[in-house]
Amino acid sequence: MARAGLTRERLTLAGADLADEVGFDQVTVSALARRFDVKVASLYSHLKNSHDLKTGIVLLALEELADRAVDALAGRAGKDALAALANVYRDYAREHPGRYAAAQLRLDPET
């Protein structure tokens, strides 16, 4: 039976927060299990493996960046739009260094 409160979405968000704290390369299912004070095996009902967790973090980061870009680019064009987009990336990288690093990961074509 799955532990109450643990979902794929919650684990992905916690993994993204962990990436911001310790770096994307340091994110593992084991580290995430320690954060929730559960056994690693408990997380495998929600995640396939560490790669699955990291893929979820990448997709979350890309979605967050896209949402910020949409807001920043609304009603802008030309150099103003380019500067706004650059600011979105810079600000995101400063606020979420681990997630920004995740957004640089190359995903497989199926993903």
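The values are calculated or read from the model by the stated rules, or taken from the named source; none is laboratory data. Bear in mind the structure is a predicted one, so any value in this text is a computation, not a measurement. FYI the Cβ positions are ideal-geometry reconstructions off the backbone, even for glycines, and counts take in every protein chain you see. Ligands, DNA and RNA are excluded from the accessible area calculation, which covers all protein heavy atoms including side chains. Shrake-Rupley method; radii C 1.70, N 1.55, O 1.52, S 1.80 Å.
Residue check: GLN104 meets all listed conditions (1) open to solvent by 80 Å² or more (accessible area, probe 1.4 Å); (2) touching a helix residue (DSSP H, G or I) at 6+ places or on another chain (Cβ under 7 Å); (3) polar (S, T, N, Q) but one, namely (2).
Check whether at least one residue in segment 2-11 is open to solvent by less than 80 Å² (accessible area, probe 1.4 Å), part of a helix (DSSP H, G or I) and either modelled with pLDDT of 95 or more or among the hydrophobic types (A, V, I, L, M, F, W, C) (or both), and report yes or no.
At the first step, the residues of segment 2-11 found to be open to solvent by less than 80 Å² (accessible area, probe 1.4 Å) are 2, 5-7, 11.
Then keep just the ones that are part of a helix (DSSP H, G or I); that gives 11.
Next, from what is left, pick out any that are either modelled with pLDDT of 95 or more or among the hydrophobic types (A, V, I, L, M, F, W, C) (or both): 11.
Yes, some residue in segment 2-11 is open to solvent by less than 80 Å² (accessible area, probe 1.4 Å), part of a helix (DSSP H, G or I) and either modelled with pLDDT of 95 or more or among the hydrophobic types (A, V, I, L, M, F, W, C) (or both).
Note on segment 12-35: residues that are among the hydroxyl-bearing types (Ser, Thr, Tyr), closer than 19 Å to PRO97 by Cα and either out of contact with any helix residue (DSSP H, G or I) (no Cβ under 6 Å at 6 or more places or on another chain) or assigned to a helix (DSSP H, G or I) (or both) amount to 1. Can you pull out every residue in segment 33-92 that is touching a residue at least 24 places away in the same chain (Cβ under 8 Å), open to solvent by 60 Å² or more (accessible area, probe 1.4 Å) and either closer than 13 Å to ARG8 by Cβ or not hydrophobic (A, V, I, L, M, F, W, C) (or both)? SER45, LEU59, ARG68, TYR89, listed by residue number.
Just one of the listed residues (VAL38, VAL70) is β-branched (Val, Ile, Thr) and not in a helix (DSSP H, G or I), and it is VAL38.
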